[in-house]
Amino acid sequence: MKAIRVHEFGGPENMRIEDVDDPMPGPRQIVIAVKAAGINPIDTYIRSGSYAKKKPPLPYTPGFDAAGIVESIGTEIRRFKPGDRVYISGNVTGAYAEKTLCEQESVFALPDHLSFAQGSGIWVPYATAHHAIFHVARAHAAETLLVRGASGGVGSACVQTARALGLRVIGTAGSEKGRQMLRDLGVHAALDHHASDLTTQVLNATEGRGPDIIIEMLANMNLSRDLGMIAHRGRIVTIGNRGTIEINPRDAMNRDAAILGMLLLNATPDEVVRISAGLAAGLENKSLSPIVGRTFPLDQAPRAHEEVLAPGALGKIALIP
């Protein structure tokens, strides 16, 4: 089969398509014929070698998220059969490939109304959104949530998750197309995150209180400004960061505000079970519906890695083997 392989850490050009052996399932494992593989920013951090939390042995095939069809199953598998449509929350052999090997706990039924490209955009974006909003921020209905960079894959997942929970949602995007997408998703205010008076706009949209929760996608650029607009006893959840930033802790002290970091890989097994149940319900009742922005063929993985970090991304980026 064809697969993307990384033989040394570094830039996107280090990803190359190669022929590798087909995976074979163990007793409690499943082989998925990949129809779409999701691209996530974390994939680029791991590929660069700068992500200390997870540095796989070389060579490796990147990718956590994928959707496809069950090709073969182990002798102890009962929940799935060959031909089933599924999406995954992780894998053993990498998602940027024509086939991937998964433990059975990582495989979930893909609803018929969702495409494979949408299925490849479920786990990392929507599990991150669920974990950030429910488990880290401990959000409640009627609170106000500001999503920074809301037009991307994780951002749009946060918007949909928060709207389903009954939060008042403000989203920012860098283009009018992105802001229109947010309006279509039902945000209460769609703002330009490049606006010089963004803090004033957010305060105006919250009657001067500021948002109770801010989901921050680029903390190294925005955290100081977030502290200038968060509500009293508000929570800032940082789920994206690419460097360092200087802040004044008194801005947090004056508001009794909390800065909370989160990483989906740190979710406990119990939290993963609750996340999975929440996603299954939202996908079934259609309150959660992944937005696919762009797709690329498998051999264009390097370009997809550049695009996922580029400003103005709309929805999910996927590879199609």
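When a/c reaches 1.5 or more, the comparison of a/b and b/c decides; with that in mind, is the range 125-265 rounded, prolate or oblate per its Cα gyration tensor? It is rounded, given that a/c, with a ≥ b ≥ c, falls under 1.5. Which one, 293, 152, 38, has the greatest fluctuation when you compute a Gaussian network model over the chain with C-alpha springs under 10 angstrom? Sorting by GNM fluctuation, first place goes to 293. Per-residue Karplus couplings for the range 92-101, computed as 6.51 cos²θ - 1.76 cosθ + 1.60 with θ equal to phi - 60°, are listed in order as 9, 10, x, 8, 7, 7, 6, 9, 9, 9 Hz, Gly and Pro entered as x.
Here each label is just a point 7 Å from Cα along the line to Cβ, and for residue 48 and residue 306 those points are 1.6 nm apart. Antiparallel beta bridges, as assigned by DSSP with both residues in the chain, represent about 55 percent of the total such bridges.
Within the shell defined by Cβ-Cβ distances under 14 Å, the residues around residue 218 carry a net charge of +1, with Lys and Arg each +1 and Asp and Glu each -1.
Averaging sequence separations of C-alpha pairs under 8 Å and six or more residues apart, then dividing by the length of the range 126-174, give the relative contact order as a whole percent.
44 percent.
Checking [x] 22.7; [y] 21.0; [z] 20.0 against Kirkwood radius over Cα pairs in Å calculated from these atoms, the matching label is [z]. Only residues of the range 89-104 count here: report those whose backbone N is under 19 Å from the spot 7 Å along Cα→Cβ of residue 18, or say none. Within reach of a label on residue 18: 92-101. Taken about its Cα centre, the range 125-265 carries a charge dipole of roughly 200 debye when the Cβ of each Lys and Arg holds +1 and the Cβ of each Asp and Glu holds -1. Using the crude model of +1 on Lys and Arg Cβ and -1 on Asp and Glu Cβ, and no other charge, please compute the dipole size for the range 27-182 relative to its Cα centre, in debye to 20. Value, rounded to 20: 320 debye.
Please tell me which of these pairs span more than 20 angstrom C-alpha to C-alpha: 35/81; 35/99; 2/316; 81/316? Result: 2/316; 81/316 exceed 20 Å.
Stretched out straight at 0.36 nm per residue, the stretch from residue 177 to residue 263 would grow longer than its current Cα-Cα span by 28.1 nm.
Could you line up 64, 134 from fewest to most neighbouring Cβ atoms inside 10 Å?
Fewest to most other Cβ atoms nearby, the residues stand as 134, 64.
Each reported figure results from applying straightforward, stated rules to the coordinates on display, with no laboratory input. All figures in this text were calculated on a predicted structure; none of them were measured in a lab. Neighbour counts run over all protein chains shown; Cβ positions are idealised from the backbone, glycine included.
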